[in-house]
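To keep things clear, I will list the structure first and then write my remarks on it.
The values are calculated or read from the model by the stated rules, or taken from the named source; none is laboratory data. These numbers come from a predicted model, not from an experiment. Note that we place each Cβ from the backbone using ideal geometry, even for glycine, and neighbour counts take in every protein chain shown. Accessible surface areas use protein heavy atoms only, side chains included; no ligands, DNA or RNA. Shrake-Rupley method; radii C 1.70, N 1.55, O 1.52, S 1.80 Å.
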There are 2 protein chains.
Amino acid sequence: MRISELAAEADVPIATVKYYLREGLLPGGERTGATRAEYDASHVQRLGAIRALIDSGVSVADARAVLAAVDMPPGHLLDLLHIVHDATTPTVDAIDTAKAEQLARRMGWTEERSDPQALAVLAHALRRLDVAGFTIDDAAMSTYLDAVTRIARAEIAGIPTTSAEDAVRYVALGSVLVEPMLLALRRLAEQIEATRRFSP
Amino acid sequence: MRISELAAEADVPIATVKYYLREGLLPGGERTGATRAEYDASHVQRLGAIRALIDSGVSVADARAVLAAVDMPPGHLLDLLHIVHDATTPTVDAIDTAKAEQLARRMGWTEERSDPQALAVLAHALRRLDVAGFTIDDAAMSTYLDAVTRIARAEIAGIPTTSAEDAVRYVALGSVLVEPMLLALRRLAEQIEATRRFSP
């Protein structure tokens, strides 16, 4: 298909498609003339992935890093997960991570395979709650830890075994793209539970 | 305390404290002279709440709406939750919410107390996944629905009964401020589970 058809198919303005081409996010089509190129279904899917990442708040530079990891995946899915988390995590200041480590340990974290950045992000989130004078009691925290562990277990168990490419795509995109859905589901669940509890 | 002490206590620059005063986010202190006012512990806590909201990506205007709801709470906690969710949800285009409604129903949602905005946000998150060619199978979706329901149940059950003010604060701030922590915990849990499964 032509670039105009690609843009229409993926519901992205042509100027934006050209921008992604220039930025190296989207691989070029097959040249069929001096100013013409042919695109195929793989370009549509790639464009969809770019849009989804960018709509999720990932910057162009970070989306490029995620997609580069999809194109040239490291030998190990765990390394891919670290690359993706790193790319999509804002750099945070160094911070005391003692409380974060304590929570991580309750989920089975050990120092052998540590990711200081992930712990620092959690530490900052905990500090924000602290600064706002918001306390999460131990029972609620246990529920959070248990819930995210169940989620992560289902996600890791669900990594497709059909092909290495499918697995890479699933790990790289899933971790980031599921976040807005998860937050939307939690807010709905809060409304449902509040209705159940407080409705006359 | 003086404004300089308030700023130091809450670890916020004085200029920013003055900005929050001008914007009506922070109530003024008690006047003790032409250019002097006294602040107290309630100002420190309020400042902490403002910072936490803004650090969580809430705009100044939306933080004002959340804090206004805390100051003049509606008669019903459920209405407060709706106000807070509304204030901190970016306005999204109208979209077909059939799939979102289907998921909401699985969590016990009924039309009697519907929040079209919450459903639209979920519908957009689902569409992003769709556009990226990312499919969540039914088993994984059940895990997500179950996990957020457990979370919401614990959160609503944990609403403090000590005072109406505490309850309002908990509902208004908790729903928004817990989000970054929840996402950080999920990412850590993914790394832990991936390590467990793939480490040699």
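Things worth noting here:
- Total residues in the stretch A:71-95, condition open to solvent by less than 50 Å² (accessible area, probe 1.4 Å), over 15 Å from A:Gly57 (Cα atoms) and under 13 Å from the mean Cα position of the chain (by Cα): 3
- Of all residues in the stretch B:57-68 being buried (at least 19 other Cβ atoms within 10 Å of the Cβ) and not charged (D, E, K, R), the one that is nearest to A:Leu126 (Cα to Cα): B:Val58
- Being surrounded by 15 or more Cβ atoms within 10 Å (Cβ to Cβ), in a helix (DSSP H, G or I), under 17 Å from the mean Cα position of the chain (by Cα) and in contact (Cβ under 8 Å) with a residue 40 or more places away in the chain is a description that does not apply to B:Leu119.
- Flag if A:Asp146 is more than 7 Å from chain B (Cβ to nearest Cβ) and without any contact (Cβ under 8 Å) to a residue 12 or more places away in the chain: yes
- Single residue of the stretch B:96-108 satisfying the filter (in contact (Cβ under 8 Å) with a residue 12 or more places away in the chain and of a type in the set (Lys, Arg)) that is surrounded by the most Cβ atoms within 10 Å (Cβ to Cβ): B:Lys99
- Condition met for A:Ala125 (crowded, with 20+ Cβ neighbours inside 10 Å, farther than 16 Å from A:Val176 by Cβ and not basic (Lys, Arg)): yes
- Boolean, B:Gly133 is more than 17 Å from A:Ser56 (Cβ to Cβ), within 7 Å of another protein chain (Cβ to nearest Cβ) and not in a helix (DSSP H, G or I): no
- For the stretch B:27-37, the criterion of being of a type in the set (D, E, K, R), assigned to a helix (DSSP H, G or I) and either farther than 30 Å from B:Ala120 by Cβ or more than 14 Å from every other protein chain (Cβ to nearest Cβ) (or both) is satisfied by no residue at all.
- Within the stretch B:98-132, the set of residues being among the β-branched types (Val, Ile, Thr) and more than 20 Å from B:Thr149 (Cα to Cα) comprises B:Val131 only.
- Within the stretch A:149-177, the set of residues being part of a helix (DSSP H, G or I) and more than 7 Å from chain B (Cβ to nearest Cβ) comprises A:Ala157, A:Ala164, A:Glu165, A:Asp166, A:Ala167, A:Val168, A:Arg169, A:Tyr170, A:Val171, A:Ala172, A:Val176.
Yes/no per residue for (1) out of contact with any Ser or Thr (no Cβ under 7 Å at 6 or more places or on another chain); (2) farther than 20 Å from A:Val176 by Cα; (3) β-branched (Val, Ile, Thr):
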| site | (1), (2), (3) |
| --- | --- |
| A:Gly48 | yes, no, no |
| A:Ala63 | yes, no, no |
| A:Gly75 | yes, yes, no |
| A:Thr97 | yes, yes, yes |
| A:Ala100 | yes, yes, no |
| A:Ala118 | yes, no, no |
| A:Asp138 | yes, yes, no |
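- For the stretch A:38-56, the set of residues classified as touching a residue at least 24 places away in the same chain (Cβ under 8 Å), open to solvent by 70 Å² or more (accessible area, probe 1.4 Å) and either part of a loop (DSSP other than H, G, I, E, B) or among the aliphatic types (A, V, I, L, M) (or both) consists of A:Asp40 only.
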